[in-house]
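The values are calculated or read from the model by the stated rules, or taken from the named source; none is laboratory data. Owing to the predicted nature of the structure, the values given are computational and were not obtained by experimental measurement. Neighbour counts run over all protein chains shown; Cβ positions are idealised from the backbone, glycine included. To get the accessible areas, we keep the full protein, side chains included, count just its heavy atoms, and leave off ligands, DNA and RNA. Shrake-Rupley method; radii C 1.70, N 1.55, O 1.52, S 1.80 Å.
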Amino acid sequence: MAEKLSAVKGMNDIFAPESAHWEWLEGKIRDLMARYAYRNVRTPIVEPTGLFVRGLGEVTDIVEKEMYSFEDRLNGEQLTLRPEATAGVVRAVIEHNQLYDGPKRLYYMGPMFRHERPQRGRYRQFHQVGAEALGFTGPDVDAELIVMAADLWAELGLTDITLEINSLGQPAERQAHRQALIAYLEQHADQLDEDARRRLHSNPLRILDTKNPAMQALVEAAPKLMDHLGAESLVHFNALRGLLDAQGIAYRINPRLVRGMDYYNLSVFEFVTTSLGAQGTVCAGGRYDGLIAQIGGKPAPAVGWALGVERILELLKAQNRLPASPAPDCYAIVPQAEGQATVMQALRVLRQAGVSVLMHAGGPDGQGSMKSQFKKADASGARYALIFGESELAAGQVAVKPLRADAPGAITEQTLLPLTDASVWATRLR
Ligand code: ATP
Ligand code: MG
């Protein structure tokens, strides 16, 4: 036998019943996006490497060590599997001049790739849903995005998700804070870990985001960006707070919330849970007014978030909020191969009328015994067996037999029904 092949480490195959949970969640999200009038956008999974270097910032975890980058063997182009989708969406919006007739509300869902250490809630191929509002200065749209996410948690029945918000101000304010921060960290250089020392002059703000417990006290007491914000930034932040308060959305101001990408300004936020262990951030985002210009577009403001699908699914599981596995309405029992064409035609009519039917299919030894077919019908979870026996078919009929006492339907005892008007009685099987 040939050598076995397995999936790339940190990348998952998803079968039923989990795949049904994915589809269910995706459906819930599509429905929510439609009600908020966000429109779907689909961009390539592979982008030029330069897009992320320029878009996310050179001294970020993602660009420094997490990207799957490679050279196209055929033409030498430097390419990267997208580690996130905002940069690609912005590129596409610029390339297709999508803001020419006004701002846009967009959403996407799909796989992202980051070369991280695989663990619970952290994979190398993972999935995000993201919402982006481009061309709006806010803070109303910032609030809309946050409220939309909060509505999603509520509609999914999720609890234990708290919102943290912060303002990163504008570049000049960050610059002033940066100077104060560097001075403070230099004073305490002996307490910095290697990562922090390396970042001290390149990206000191990211030091505040450290996960090193030994540095928590140090970053706790560091100069706060909030104290360097100018009047306009404070107005924006306070207006956002007012809108959230008015919608009854609770939040905690976390002055150390900085986010992993360089492109953020003003509002940043994260939804976090304590129910998932270390990987507790389920959704994160913020305003990125500088990114469109940075990627070569005409300057325009923007704000968005991305949620981690695997983490939301794990939370749904932990909180017992996943739907039951779908079962077909009917299992078609086909004792003999003769008349299969008639059977398939009848099943097709039922399916066109919205009934889900699992058809028994034969094997090398024929159709199998009635007993084994009934066993399979039971195992399928179907509510009814449709029995296409020789005598039923000869009479132009099918016998409908209820299989489950725990899920009683419209037909409560074995009933013969005419094949010719299956579309008429189909609704009784759903
Ligand atoms: P973290 O601090 O957990 O690494 P991040 O700041 O890198 O998160 P973002 O880039 O903001 O994450 O991505 C948004 C969301 O996508 C995260 O809040 C998380 O739910 C999810 N996510 C990010 N990286 C991964 C991953 N490797 N595996 C699974 N989900 C992820
Ligand atoms: Mg990360």
How large is ³J(HN,Hα) for each residue in the stretch 206-214, as worked out from phi by the Karplus curve 6.51 cos²θ - 1.76 cosθ + 1.60 (θ = phi - 60°), to whole Hz, x for Gly and Pro?
5, 5, 5, 8, 4, 9, 6, x, 5
Mind listing which GluC sites (Glu not before Pro) in the stretch 337-427 are in a DSSP loop and have 10 or fewer other Cβ atoms within 10 Å?
Glu413
Taking Cα atoms, how many degrees apart are the long axis of helix 340-352 and the longest axis of the chain, rounded to 10 and kept between 0 and 90?
40 degrees
Counting only protein heavy atoms with a 1.4 Å probe and every protein chain in place, the carbon and sulfur fraction of the accessible surface of the stretch 281-361 in whole percent equals 54 percent
Over the chain, one equal point on each Cα, no solvent: what is log10 I(q)/I(0) by the Debye formula at q = 0.06, 0.08, 0.09, 0.11 Å⁻¹?
-0.38, -0.60, -0.71, -0.91
Where trypsin sites (Lys or Arg not before Pro) fall in DSSP loop in the stretch 1-69, at most 13 other Cβ within 10 Å:
Lys4, Lys9, Arg42
Amide H neighbours of Leu403 under 5 Å, counting only residues 5+ apart in sequence or on other chains, H built in-plane at 1.01 Å?
Tyr384, Ala385
Round to a whole number: what % of the accessible area of the stretch 109-250 belongs to carbon and sulfur, probe 1.4 Å?
52 percent
Over the stretch 288-418, give the accessible area per residue in Å² for a 1.4 Å probe, as an integer.
50 Å²
Report, by chain and number, residues whose modeled amide H sits under 5 Å from the one on Glu84, excluding near sequence neighbours (fewer than 5 apart, same chain).
Phe113
Under Karplus coefficients 6.51, -1.76 and 1.60, residue-wise ³J(HN,Hα) of the stretch 112-126 in Hz, glycine/proline x
10, 9, 9, 7, 10, 6, x, 6, 3, x, 9, 10, 8, 10, 9
With every protein chain kept in place and a 1.4 Å probe, the stretch 1-70 has an accessible area per residue in Å² of 65 Å²
Looking only at chymotrypsin sites (Phe, Trp or Tyr not before Pro) in DSSP loops with at most 13 other Cβ atoms within 10 Å, what is the longest site-free stretch of the chain?
101-430
Carbon plus sulfur, as percent of the 1.4 Å-probe accessible area of the stretch 4-60, comes to 56 percent
Among Ser369, Gln78, Ala183, which residue has its Cα furthest toward the positive end of the charge dipole of the chain, with +1 on Lys/Arg Cβ and -1 on Asp/Glu Cβ?
Ser369
How tilted is helix 231-246 with respect to the longest principal axis of the chain? Cα atoms for both, answer in degrees (0 to 90, nearest 10).
30 degrees
Assign unit charges at the C-beta atoms only (+1 for Lys and Arg, -1 for Asp and Glu), then state the dipole size of the stretch 82-179 relative to its Cα centre in Debye, rounded to the nearest 20.
700 debye
Which whole-number percent is the relative contact order of the chain (Cα, under 8 Å, 6+ apart)?
15 percent
Among Val53, Val334, Val90, determine the one that fluctuates most according to a GNM of the chain built with springs between C-alpha atoms less than 10 Å apart.
Val334
Ordered by residue, what ³J(HN,Hα) values in Hz, to whole numbers, does the stretch 269-284 give under the Karplus form 6.51 cos²θ - 1.76 cosθ + 1.60, where θ = phi - 60° and Gly and Pro are x?
7, 9, 9, 10, 10, 9, 7, 10, x, 5, 8, x, 7, 9, 7, 8
Report, in degrees rounded to the nearest 10, the 0 to 90 angle that the Cα long axis of helix 309-318 makes with the longest principal axis of the chain.
70 degrees
Considering only protein heavy atoms, with the full assembly of protein chains and a 1.4 angstrom probe, order Thr412, Thr159 by accessible area, largest first.
Thr412, Thr159
For the stretch 8-70, run through the GluC sites (Glu not before Pro) and keep only the ones in DSSP coil with at most 16 other Cβ atoms within 10 Å of their Cβ.
Glu58
5 angstrom amide H check on Gly280, placed H, neighbours 5+ away
none
Within the chain: Cβ-based charge dipole about Cα centre, in debye rounded to nearest 20 (Lys, Arg +1; Asp, Glu -1)
460 debye
Let me check against my output: what whole-number percent is the relative contact order of the stretch 144-232, with C-alpha pairs under 8 Å and at least 6 apart?
37 percent
